[in-house]
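A short worksheet on the structure shown next.
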Amino acid sequence: MAEKEAQGVDVRAMFDRIARRYQLMNRLMTFGRDGAWRQAVVRETALARGERLLDVASGTGDIALEAMRKIEELRAVGADFATEMMRVGRARPGGGKIDWCAADALALPFPDASFDAVTSGYLIRNVPDAEAAFREQLRVVKPGGRVVCLDTTPPPPSLLRPFILFYLRHIIPLLGRLVAGDREAYVYLTASTEGFKSPEELARIMRESGLTAVRCHLFMFNTMAVHVGERPVEP
């Protein structure tokens, strides 16, 4: 098995292990602010009543469920490669209204221009090829539709950086052990944050994938970012 394929299997198994405590851990790690970031993602989709959303790496469905609460008659597809995460999501209130689909973010099983918007939460830092993931999202969104990405960013230089790093390296793994029973999963997740692209680098990758009008909103001492890009309207 190729190294990238083996890494994907390991990451999938990790998310399946922590699926039942994933929502709670997100709330604890972010001091409850993750809800506001999901709301920002949904606003940036600019979706209208009855339109179609694809949420890639949907996990337990947080973004898709938020979108369905905000937009009437929205048709949401939640795609993920971790089946246990989707199983937990389906059991949540409203989760049965999402069309769940097992999918590889680098080879989405949907026709071109199938969706009015595509979202993802904490996907890009876990894929081996960020540009390829964005190209797939660009492919399946309609011309003029938006691709919206929520992900962490490495703590920028500041007076707070040492405290943020201490929190990432020590407090979050401790919470992972106490709450989710899996310290190593949260060691991996925090390390992936530190090693991830800066907001500027991620915006550049989005542009190189073919997205236009790329912009970024930063949250939580510039450690969380919502990036937005659009599929060009063909003449």
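Values quoted throughout were computed directly from the atomic coordinates according to the rules given, and no laboratory measurement underlies them. Predicted model only: the values in this text are computed from it and were never measured. No Cβ is skipped: glycine too gets one built from the backbone with ideal geometry, and neighbour counts run over all protein chains shown.
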Note to self: So for the chain, if I pair up every lysine 8 or more residues apart or on another chain, how many of those pairs have alpha-carbons under 27 Å apart?
What the structure shows: 5
Notebook entry, point to check: By per-residue mean of other Cβ atoms within 10 Å, what is the highest-first order of 80-88, 46-54?
Noted result: 80-88, 46-54
Next item on the list: Considering Cα pairs under 8 angstrom that are at least six residues apart, work out the relative contact order of the range 3-230 and quote it in whole percent.
Entry: 20 percent
Notebook entry, point to check: Once Lys and Arg get +1 and Asp and Glu get -1 on their Cβ, which of L160, G145, A57 lies farthest toward the positive end of the dipole of the range 3-230?
Noted result: L160
Notebook entry, point to check: What's the local net charge at Q39, with K and R +1, D and E -1, over the other residues with C-beta under 15 Å away?
Noted result: +1
Check: Using only helices, what value at 222 nm comes out for the chain when you add -39,500 (n - 2.57) per DSSP H run of length 4 or more and divide by the total residues, to the nearest 500 deg cm²/dmol?
Finding: -12000 deg cm²/dmol
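By average Cβ neighbour count within 10 Å, what is the ranking of 118-128, 104-114, 147-157, 35-45 from highest down?
So the peptides 118-128, 104-114, 147-157, 35-45, ranked by packing, come out 118-128, 147-157, 35-45, 104-114.
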